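> I have a structure here, written as structure tokens, and I will follow up with some questions on it.
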Amino acid sequence: VYLNTPEWPLPSPPRPISFLHEILGETQQPLFVLAPMVLQSERAFRRLVQRYGVTLCFSPMLLARNVLHRAEDGEVECPYTQELLRPCPQDKPVMAQLAGADPQQILAAAQRLWEGGQIAGIDLNFGCPQKCAEIGKYGAYLAQNDPDTAVAMVRILNKELGVPVSCK
């Protein structure tokens with residue numbers, strides 16, 4: 001299907017959805033998901049694909065330590081974090097994809113993003129195969145070499161924060 005054909009946008013137009021369980025629940029409408037993509041999942045691109053029927057988007061991968069880091073003036077340095085902390089009613093729902101090797105740091109980063117009110121849940125990155133993930137001990141490296149920590153991350157988010165959590 002090409003963007004300029006009568007079939008586009010797809011038959012299921014975008015609709016506002018408040019909670020992730022509503023998306024994944026017993027809906028009769030198809031779910032169109034924009035997976036996290038390096039240097040592609042920023043707000044402008046998410047807004048574009050939402051116009052064409054995407055109903056759930058993911059942020060680019062955010063390192064938990066970067067979400068928590070602040071510049072000397074107290075401002076958040078990571079532009080992706082700034083974007084998710086700046087509300088945009090048209091850019092919802094968005095799952096924030098987090099990566100890290102420390103469950104407590106993941107929890108703190110998730111709390112910060114959740115309290116910003118922009119995200120619908122947290123996606124834990126257990127699939128990144130890049131060398132930086134091996135060096136940082138996150139992504140596929142963590143899932144393969146330290147599955148207990150990966151499980152601890154899911155558990156702590158579920159217990160302490162109670163937000164929707166996905167893993168991939």
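> Give me the pairs, please: first residue somewhere in the stretch 84-107 and among the β-branched types (Val, Ile, Thr), second residue anywhere and assigned to a helix (DSSP H, G or I) and open to solvent by less than 50 Å² (accessible area, probe 1.4 Å), beta-carbon distance under 8 Å, and either six or more positions apart or on two chains.
Sorted first by the residue in the stretch 84-107, then by its partner, the pairs are Val94/Arg46; Val94/Leu84; Ile106/Ala64; Ile106/Met153; Ile106/Ile156; Ile106/Leu157.
> Also, quick follow-up: Among the residues of the stretch 50-68, is any open to solvent by 70 Å² or more (accessible area, probe 1.4 Å), at pLDDT 60 or above and either within 21 Å of Trp114 (Cα to Cα) or not in a loop (DSSP other than H, G, I, E, B) (or both)?
Yes, the stretch 50-68 has at least one match.
> Let me ask you something else. Which residues, taken from the stretch 69-97, are open to solvent by less than 10 Å² (accessible area, probe 1.4 Å), closer than 20 Å to Gly136 by Cα and modelled with pLDDT under 90?
Thr81
> Ok, one more. Can you work out which of the residues in the stretch 103-129 that are out of contact with any helix residue (DSSP H, G or I) (no Cβ under 7 Å at 6 or more places or on another chain) and open to solvent by 60 Å² or more (accessible area, probe 1.4 Å) is nearest to Arg43 (Cα to Cα)?
Glu115
> Right, here's the next one. Is there a residue in the stretch 30-44 that is more than 14 Å from the chain's Cα centre (by Cα), of a type in the set (S, T, N, Q) and at pLDDT 85 or above?
Scanning the stretch 30-44 turns up no residue that is more than 14 Å from the chain's Cα centre (by Cα), of a type in the set (S, T, N, Q) and at pLDDT 85 or above.
> For the stretch 110-138, enumerate the residues that are closer than 17 Å to Ser59 by Cβ, touching a residue at least 60 places away in the same chain (Cβ under 8 Å) and either of a type outside the set (A, V, I, L, M, F, W, C) or assigned to a helix (DSSP H, G or I) (or both).
Gly121, Asp123, Asn125, Tyr138
The values are calculated or read from the model by the stated rules, or taken from the named source; none is laboratory data. Since this is a predicted model, take the numbers as computed values, not measurements. Every residue, glycine among them, receives a Cβ derived from its backbone with ideal geometry; neighbour counts consider all protein chains shown. Quick note on the areas: whole protein, heavy atoms, side chains included, nothing else; ligands and nucleic acids left out. Shrake-Rupley method; radii C 1.70, N 1.55, O 1.52, S 1.80 Å.
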